[in-house]
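Report on one structure; see the data block that follows.
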């Protein structure tokens, strides 16, 4: 579904962020990108929907060559790619509902969107999503009134409101506490699997990556240095990605988590969200 | 070098001796400049008048009290003109300032030459005082309210667009990226990404400038721009201090009211 080949990004001011990346994401596959800060993870994710313009290389999404699109075609292609951001990237002064509905802007005319007149099925889907992420009562709350975890849930709902085929996720948990981070990851993964979407997630936390995804890609200095299942992410692989360090804890937890993944996946750990995260 | 080594021990001091000497010299230089300026001003002053000042002031006060309350009948309509000059001048300025600000901000300008043009408009508007704008405009359109509105408006464009374009440049990029990533068009990105972030700043700047303009438009009548300034000027010329006091009281009340409205509105929109 997503095929990246020979992707290079050179920033005008800085060093080369990506030096020839080849990567494929199949339909329904969940791929985690790990690596140090500055390895090019964020750049790679942003090159796909061209928030960052790639310098060289090809990116094909369901047969469409994304790098060759003009402005108008790119807008159409972007509708199929939902994105979730590290700092949530909500419009603070708009309500939760307006933020979620903004996921439909690619489909709704300028005037109708300016008047906030969205088609009824869009509104219904938005309400269902808000119910699903546990924010049904917050429809009219302004986004800046929510806590970090709640804000990220709005971000998730906005991305899924697009009804994308591919979900691009950029460090969704880095600004959250460990417990909320796990809840958010679990929620994203559940929603992606329910809908049969593909996901490329760029994530700091190796444990979360091994817990929730099927394939891990290690990026180091703009190049892929590891590709494999969570079980294959041993100490040797971690050293290749991050450099020399005592990786005992990470690799052990990776194996433990994947061992009980068979039955652990369905564990219904739906913490009542609103009580778990009181608003600020 | 704030960190110094002494007997093998690291120590930190705010300034080394050389730096503190330089610091003292700066203060000394400043003091010398102040003394020279004071001497020069003293030589230019007629001290007889200054010594006489308390008596003169007491004379003004005795002649202006009690104020001529009946004069309010002439002051109130003029005050209404003054408020109108401020309102319409500010409104006109905002209409011009929003596009100017969008052209002047690095992240929204379509081209650098348009940015240069917008910055020129801002500098020209800001560098001339509204009283001087009024003097020029009265020559062109004749004295009256319209001249006042134009003078206040032209003067305000610069400040309003400058504050607006600076807030556009400091905008949070993340929500804008997110809106673009949904496949929204340029206008939609503007409506959903920029407008909600900018609206409170724009409203705040406008109301603040309106408050400043209330104050500025009280004076503009002196040069023929209409409003209460004309009455103040004529009362002073006729040595009618009891009437001048009425005008001053009216201005003070209006300005205090404008400031409190402005503060309330600005607090409400953040």
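Nothing in this text is a laboratory measurement; each read-out follows from the coordinates by a stated rule. If you're wondering where the values come from, they're calculated on a predicted model, not measured in any experiment. Every residue, glycine among them, receives a Cβ derived from its backbone with ideal geometry; neighbour counts consider all protein chains shown.
Measuring between their Cα centroids, segment B:205-261 and segment B:64-80 lie 12 Å from each other.
Only helical DSSP H runs with n ≥ 4 go in: add -39500 (n - 2.57) per run for chain A, normalise by residue count and round the 222 nm mean residue ellipticity to 500 deg cm²/dmol. It would help to have the intermediate numbers written out before the result.
Values: 12 runs with 107 residues, N = 280.
For chain A, the value works out to -10500 deg cm²/dmol.
Based on the Kirkwood radius over alpha-carbon pairs, what is the Stokes-Einstein translational diffusion coefficient of segment B:3-63 at 10 °C with 1.306 mPa s viscosity, in µm²/s? Before the final figure, lay out the partial values.
Numbers: Rh = 16.5 Å.
Result for D is 96 µm²/s.
The ranking of A:167, B:239 by Cβ neighbour count inside 10 Å, starting from the fewest, reads B:239, A:167.
Of the residues B:16, B:81, the one with the fewest other Cβ atoms within 10 Å heads the list, and the complete ranking is B:16, B:81.
By the count of other C-beta atoms within 10 Å, a proxy for reagent exposure, B:111, A:76 are ordered fewest to most as B:111, A:76.
Let a ≥ b ≥ c be the square roots of the eigenvalues of the Cα gyration tensor of chain A; is it rounded (a/c under 1.5), or, if not, prolate (a/b larger than b/c) or oblate?
Numbers: a/c = 1.87, a/b = 1.20, b/c = 1.56.
Judged from the Cα gyration tensor, chain A comes out oblate (a/c at least 1.5, b/c at or above a/b).
Provide the FRET efficiency to the nearest 0.05 for the residue A:22-residue B:124 pair, computing r from the beta carbons and using R0 = 60 Å. Before the final figure, lay out the partial values.
Details: r = 56 Å, r/R0 = 0.93.
So, using R0 = 60 Å, E works out to roughly 0.60.
Relative intensity of segment B:69-269 on a log10 scale, I(q)/I(0) at q = 0.15 Å⁻¹, equals -0.91, per a Debye sum over C-alpha point scatterers of equal strength in the absence of solvent.
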